[in-house]
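Here the structure comes first, spelled out in structure tokens, and everything after it is commentary.
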Amino acid sequence: MFNIIEKRRWYFLISTLVIVAGLMAMIYSTVRFGTPVSLSIDFTGGAFLELEFQQPVQPGEVRQVFVDRGYVDTMVQTTADGRTVLIRSDFLDSEVKMEIESVLEDKYGPLEELRFESVGPTIGGEVTRAATFAVATAAVVILGFIVLAFRRVPNAFRYGTCAIAALIHDFLVAMGFFSIMGLFQGWQVDSLFLTAILTVIGFSVQDTIVVFDRIRENIPKRRGEPFETIVNRSILETIHRSLATQLNAIFVMVAILLFGGATMKQFIATLLVGMLSGTYSSIFTAVPLLVVWEKGDVGQFFRDLRGREAIT
């Protein structure tokens with residue numbers, strides 16, 4: 001029988017390298033922008049304006065129109081054709097927007113407003129608090145459900161804690177990925193990102209529970225076998241189900257990512273990375289962590305560490 005669990009140190013090393021890379025990106029983003037990931041107006045408040053002109057325009061000149069009216073933090077980008085302008089600024093009311101569009105129209109000729117979104121700072125703060133509360137609540141509810149469902153298994157709390165550890169793993173991977181893309185591609189976190197994160201959490205926990213449930217079934221059936229062997233057997237018995245479920249979703253997301261619209265790209269890419277991380281963490285993070293905990297390897301590690309400190 002192929003032993004997956006015995007290579008758990010390699011799995012932990014891979015997870016550590018990926019998470020550390022993401023954390024470094026988030027630290028750099030915090031130093032540079034003030035937040036671990038670049039936030040859209042959904043969270044910070046402000047305005048987003050997309051205008052199309054009949055001739056190419058210079059982003060710096062468009063920005064100056066906003067700066068002259070006190071909007072010094074305005075960011076202006078043009079698309080590949082040079083005629084479509086993407087503008088992010090502080091909150092704009094309708095009168096100021098119409099005045100700015102009138103000035104731009106006098107300067108560059110006729111324009112068409114393709115999109116306008118405006119979110120006040122109060123609403124942005126409320127969205128941020130709601131997002132944090134949603135993720136924290138999901139973690140607490142999942143922990144409580146697993147402890148209740150596995151209450152007849154020895155050390156049921158460990159199952160729930162390991163599932164939460166896998167959840168945090170996937171959250172950090174998705175955040176790190178988005179932070180890196182924010183630095184290199186200018187991606188900004190919006191409300192769809194929150195949807196992607198909650199979906200990833202759901203899929204991750206589902207896969208983890210499937211494996212844990214098989215471990216629970218095999219413990220009384222395989223009395224006398226080492227716990228590590230029971231766990232390895234349970235993974236092999238469920239891995240085909242986990243991969244089949246996740247691969248079906250992954251294939252669809254890859255197709256959308258390749259052929260779908262640009263507005264969905266950030267959402268689908270985050271969902272795809274999170275789904276891949278969830279598939280990995282449910283098998284190679286949550287379950288090996290449970291084995292380490294059950295065997296007392298964590299306690300032994302700290303005992304060895306204290307012993308080395310005593311010698312020195």
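The values are calculated or read from the model by the stated rules, or taken from the named source; none is laboratory data. None of these values were measured; they are calculated from a predicted model. Quick reminder, even Gly has a Cβ in these numbers, built from the backbone with ideal geometry, and neighbours come from all protein chains shown.
Of all residue pairs spaced 6 or more apart or on separate chains, those with beta-carbon atoms under 7 Å, a first member in the stretch 235-260 that is surrounded by 14 or more Cβ atoms within 10 Å (Cβ to Cβ) and charged (D, E, K, R) and a second member that is at pLDDT 85 or above and in a helix (DSSP H, G or I) are 237/214. Restricted to the stretch 66-81, and to residues there that are in contact with a strand residue (DSSP E or B) (Cβ under 9 Å, 6 or more places away or on another chain) and not acidic (Asp, Glu), the residue that is farthest from residue 46 (Cα to Cα) is 79. Residues in the stretch 21-49 that are touching a strand residue (DSSP E or B) at 6+ places or on another chain (Cβ under 9 Å) and among the hydrophobic types (A, V, I, L, M, F, W, C): 33, 37, 39, 41, 43, 47, 48, 49.
Criterion applied to 196, 174 was being buried (at least 19 other Cβ atoms within 10 Å of the Cβ), in a helix (DSSP H, G or I) and touching a Phe, Trp or Tyr at 6+ places or on another chain (Cβ under 6 Å), and the one residue passing it is 196. Answer yes or no: is there a residue in the stretch 50-65 that is in contact with a strand residue (DSSP E or B) (Cβ under 9 Å, 6 or more places away or on another chain), within 30 Å of residue 130 (Cβ to Cβ) and surrounded by fewer than 20 Cβ atoms within 10 Å (Cβ to Cβ). So far as the stretch 50-65 goes, yes, one or more of its residues are in contact with a strand residue (DSSP E or B) (Cβ under 9 Å, 6 or more places away or on another chain), within 30 Å of residue 130 (Cβ to Cβ) and surrounded by fewer than 20 Cβ atoms within 10 Å (Cβ to Cβ).
So, in the stretch 216-230, of the ones that are outside any helix (DSSP H, G or I) and basic (Lys, Arg), which residue ends up surrounded by the most Cβ atoms within 10 Å (Cβ to Cβ)? The extreme case among them is 222. No other residue among 101, 95, 105 is surrounded by 13 or more Cβ atoms within 10 Å (Cβ to Cβ), in a helix (DSSP H, G or I) and without any contact (Cβ under 8 Å) to a residue 24 or more places away in the chain apart from 105. For the stretch 1-47, residues that are of a type in the set (Lys, Arg) and crowded, with 18+ Cβ neighbours inside 10 Å total 1.
Taken over the stretch 108-135, the criterion of being under 19 Å from residue 202 (Cα atoms) and either at pLDDT 80 or above or not in a helix (DSSP H, G or I) (or both) is satisfied by 133 alone. Checked against (1) under 30 Å from residue 166 (Cβ atoms); (2) of a type in the set (Gly, Ala, Ser); (3) over 30 Å from the mean Cα position of the chain (by Cα), residue 94 meets all criteria but (1).
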